[in-house]
Amino acid sequence: MLSPIALKIASTLPLATNASCGNYTYLSPTNYNENQGITKIDYHQSDKNTIFGRYFVTHLQQQPGPATANFVLASVPGASDLVQNLTLGDTFLINPKTVNSFRATFNRSSNTTVNNSLYNWTDVGVGDIYQLDPTKFGKGLGGLSINGGPFGTGITPSWQPYNTLEFSEDLSMTRGKHQMTFGVDYINLRAFATNYLNSNGVFAFDGSQTGYATADFLLGKPVSFTQSAPSYSDQHQNVLGVYAQDEWKIAHNFTVNVGLRWDPFFSHTNPYGENVSFSLYNFEHDVFSKKYPNAPPGFVFSGDPNGPSGKSYMNNKLNTWSPRVGLVWDPKGDGRMTIRAGFGIFYDFPNFSYDQFGFEEPFGGAVSVPVPNFADPWSTYPGGNPFPNHVGVGANSTYQQYPLVFGYPQNANPTAIYQYNLTIQKQVGQNWLLSASYVGNQQRHLWINEEVNPGIYNPAVCPAFFCFTQTLNQRRLFNQLNPQYAQYFGETILLNEGGTGNYNGLVLGITHRFAMHFTSSTNFTWQHCISDNYTTALGLFLVEDELPANVPGAVHADRGNCPNSDTRLVFSQTLLVDSPKYSNHLVQRIAGDWRLSVSAVAQSGSDISAAMIIDFNGDGAGFNQRPEVTGNPYCHPQTVNCWLNPASFGNPFAGSPAPGTFGNLGNNALVGPGSVIINMALIRAFPIREHQTVEFRAEAFNLPNLVNFYPPQTVVIAPNFGQPTPSSGYAVGAGLGAFASTIYDPRILQFALKYTF
């Protein structure tokens, strides 16, 4: 029997544009209005003092889809964004050799989503479910995911104001051979955002009930239902930098630049002290929080022993010094050769996106129900519907089963980068310049997501080739460590600061300065980047899902080429040729005033990783598990139909790799197709009379019409695995017809005339 809820939703879908194939073709509306304003004030108070002010404001309003249209168009979200910037500055000449500069800047951005959907879950017949107030963001179904189905929907209402206040003071002094600079820079950042991700509830259909996701939907058989409490991001952060620098000209051909910067790390803070951490020791030994005694053991809050300090997420780090030194040497002092070298330490501090504690109990949280009743998803959940009174309400929250949990260590160090370089430049003749540069760095304290509560493979509850998601939480590690309270911890991600990385690059260049009517620049770069799989946000981008040995402490098990950025070889050439000025008037009119430019880039492919998508090893992190490689992974020859050889990759459905184990392919260990692009332009200016000119321009992009493939499909179990295709997820442009498996454009010619008067 078909589901009345599914039929209600289907009745609002548009009819097929082409009845013979069942397709509906439409354009998504993007109607918006933007108003901008700017004010500038410059005040020359005296010969020694200048004051300026700048104010900029822009307001963008994008209309949502029309409510009178079908559901597909009506659910298109809109936006209301307001951005303001105020900058004030003062430059004061203390004396001819001393200048002081002061700057103050204030930025405020406020982004709000606007929805205009037709109905929410309650309107289509889903009972006992909490829905957001429609007067604030409009109605919306929340999320409806049909794997491979004809449509899906999802709204994420949000209100995101951010304020930034910055003050800087710089003092520059010239004393003999010294150019000294002292300064301080202070930034205060504040976030007041609220994100309603999944707050209206999300139903997912994956085909596990009937074999077809669309059929599951029509029969009303979802595989899961998930709902979240609003996620608040009330955070403050202070950034301070104090520096001193001296450029010392020791001799006419030797200059030293030395500096020291103090970059103290001040932790993010929550103005309400709503900070939470996790202690594995407390979990194993039944140590409960004193601040929130109803929390399960392992949760540690601000005010608890060994918990977060005050309103801070972690301890501040004040012993963070950044020395820098640079040398410039002209060996002969004739200006025809220079040797430059430099070294510096730089710190990288996390931005607000790292902190996702608004998603975590008891200040937030999400609850999932496996295989729910479509009409009453909470009917099978212990205790019934927990929203909105029992999730994300602070001290009165009821801790749910198997939630997402994450936390910081209290003494985490900020990421540090040790950077060094050496460059040699030599002038040859009058117009040629040769250069060779080495650039390298060492990265320390890279922040990594570490899953400490993975699923443990159990052949008794898993099929021969992969584990059921429904059994994951019962197989997690915490069930072995503390069975009584394991139900209050699902995926548990802790920040591990033990990641490292390094980069080495060599750049060779030949430049011809403008002379003899042409300029030329040739560069060749060899580079290699290796690192652990660092994260950009704690618990938000679940990079730990890619660990080939997803067990606590395995921070280096995923070490490999830097993700999507390890392009080893790059060659570039630019050439600009101007026709000379001819003394013969007729020759000049025919052959003069022409300009030809050519640019070419040839590069090797970027690193890629193959994945199996399904949780074959049973740890719960199936989306990026890598396969077993049994031979040469590349096709011979490599063509549009075959870049990676499927025969060299194990079939996980046939037990390769064996159930409960990991494949042997390293992270980002494969290389995609390279590319060659050649562009050309021919320009001619025709002077008509004084102040009047007609310019002709002919341009060719990808002039030889070279075919550059997309990286291949990397999902091992996909039918087109190994074939270059835009659906691989690495597309950098849209394919066109026969070029659907190529990157960049086919040959494009364009011509233009411009009249200047």
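The values are calculated or read from the model by the stated rules, or taken from the named source; none is laboratory data. This one's a predicted model, so the numbers in the text were calculated from it and none came from an experiment. Note: ideal-geometry Cβ built from the backbone for every residue, glycine included; neighbour counts use all protein chains shown. Please note that ligands, DNA and RNA were not included when accessible areas were found on the heavy atoms of the full protein model with its side chains. Shrake-Rupley method; radii C 1.70, N 1.55, O 1.52, S 1.80 Å.
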(request) Show me 480-490, 356-366 ranked by packing, highest mean number of other Cβ atoms within 10 Å first. (result) 356-366, 480-490
(message) Less than 11 Å from a label point 7 Å out along the Cα-to-Cβ axis of L433: which backbone N atoms in the range 338-354 qualify, by residue?
(response) 338
(message) Shape verdict for the range 425-506, please, from the Cα gyration tensor: rounded (a/c under 1.5), prolate (a/b greater than b/c) or oblate.
(response) prolate
(request) Amide H neighbours of L446 under 5 Å, at least 5 residues apart or on other chains, H built in the peptide plane: list them. (result) G499, T500
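Note down the Stokes-Einstein diffusion coefficient of the range 1-86 in µm²/s, whole number, using a Kirkwood radius over alpha carbon pairs, 20 °C, and 1.002 mPa s. Working shown, then result.
Details: Rh = 17.7 Å.
Value of D from the Cα-based Kirkwood radius: 121 µm²/s.
One-quarter of the Cα convex hull surface for the range 320-437, in nm²?
14.9 nm²
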(request) Write down the accessible area per residue of the chain in Å², having rolled a 1.4 Å probe over the full set of protein chains. (result) 49 Å²
(message) From the convex hull of the Cα coordinates of the range 597-706, what is the mean projected area in square nanometres?
(response) 11.0 nm²
(request) Taking H placed 1.01 Å from N in the peptide plane, check which residues at least 5 places from S656 or on another chain put their amide H under 5 Å from its amide H. (result) N651
(request) Indicate the gyration tensor shape class of the range 211-258 (rounded, prolate or oblate), computed on the Cα atoms with a ≥ b ≥ c the square roots of the eigenvalues: a/c under 1.5 is rounded; otherwise a/b larger than b/c is prolate and the rest oblate. (result) oblate
(message) Within the range 96-127, list the residues whose amide N lies under 15 Å from a label point set 7 Å along Cα→Cβ of Y186.
(response) 102-106
(request) Translational diffusion coefficient, Stokes-Einstein: compute it for the range 261-385 using the Kirkwood radius over C-alpha pairs as Rh, at 4 °C and 1.567 mPa s, and state it as an integer in µm² s⁻¹. (result) 67 µm²/s
(message) Rounded to the nearest percent, how much of the accessible area of the chain (1.4 Å probe, protein heavy atoms only) is carbon and sulfur?
(response) 59 percent
(request) For S101 paired with A375, estimate the spin-label separation in nm (one decimal), with each label point 7 Å from Cα along the Cα-to-Cβ line. (result) 7.1 nm
(request) List every residue whose amide H lies under 5 Å from the amide H of D593, counting only residues 5 or more places away in sequence or on a different chain, with H placed 1.01 Å from N in the peptide plane. (result) S579
(message) With θ taken as phi - 60° and the coefficients 6.51, -1.76 and 1.60, list the Karplus ³J(HN,Hα) couplings across the range 120-137 in order, rounded to whole Hz; mark glycine and proline as x.
(response) 10, 4, 4, 5, 9, x, 7, x, 6, 9, 7, 10, 5, 4, x, 6, 8, 10
(request) Give the span of the range 64-157's Cα atoms along each principal axis, as three whole-Å numbers ordered largest to smallest. (result) 78, 29, 25
(request) Excluding D123 itself, calculate the net charge of residues whose Cβ lies under 15 Å from the Cβ of D123, where each Lys or Arg counts +1 and each Asp or Glu counts -1. (result) 0
(request) Report the net charge of residues surrounding G384, where surrounding means a beta-carbon distance below 15 angstrom and charges are Lys +1, Arg +1, Asp -1, Glu -1. (result) -2
(message) Give me the net charge for the shell around Y457: Cβ to Cβ below 11 angstrom, other residues only, Lys and Arg +1, Asp and Glu -1.
(response) -1
(request) Subtracting the Cα-Cα distance from 0.36 nm times the residue separation, let me have the gained length for V242 to T756 in nm, one decimal. (result) 179.9 nm
(request) Using the Karplus curve 6.51 cos²θ - 1.76 cosθ + 1.60 with θ = phi - 60°, work out ³J(HN,Hα) for each residue of the range 502-515 in order, rounded to whole Hz, and write x for Gly and Pro. (result) 7, 9, 9, x, 10, 10, 10, x, 10, 10, 10, 5, 5, 6
(request) Starting from the exponent 0.38 and prefactor 2.2 Å, build the expected Rg for the range 613-654 from its residue count and divide its actual Cα Rg by it. (result) 1.37
(request) Apply the Karplus parameterisation 6.51 cos²θ - 1.76 cosθ + 1.60, with θ equal to phi minus 60°, to every residue of the range 85-101 and state each ³J(HN,Hα) to the nearest whole Hz, in sequence, with x for glycine and proline. (result) 9, 10, 10, 10, x, 9, 10, 10, 8, 5, 7, x, 10, 9, 10, 10, 10
(request) Determine, for each peptide in 574-587, 318-331, 127-140, the mean count of other beta carbons within 10 angstrom over its residues, then list the peptides with the highest first. (result) 127-140, 318-331, 574-587
(message) Give me the one-decimal nm value for the distance between modelled label points at K249 and Q63, 7 Å along each residue's Cα-to-Cβ direction.
(response) 6.3 nm
(message) What number do you get for the range 135-237 when its Cα radius of gyration is normalised by 2.2 N^0.38 Å, N = residues?
(response) 2.00
(request) Calculate the radius of gyration of the Cα atoms of the chain to one decimal place, then report Dmax, the largest Cα-Cα distance, as a whole number, both in Å. (result) 30.9, 98
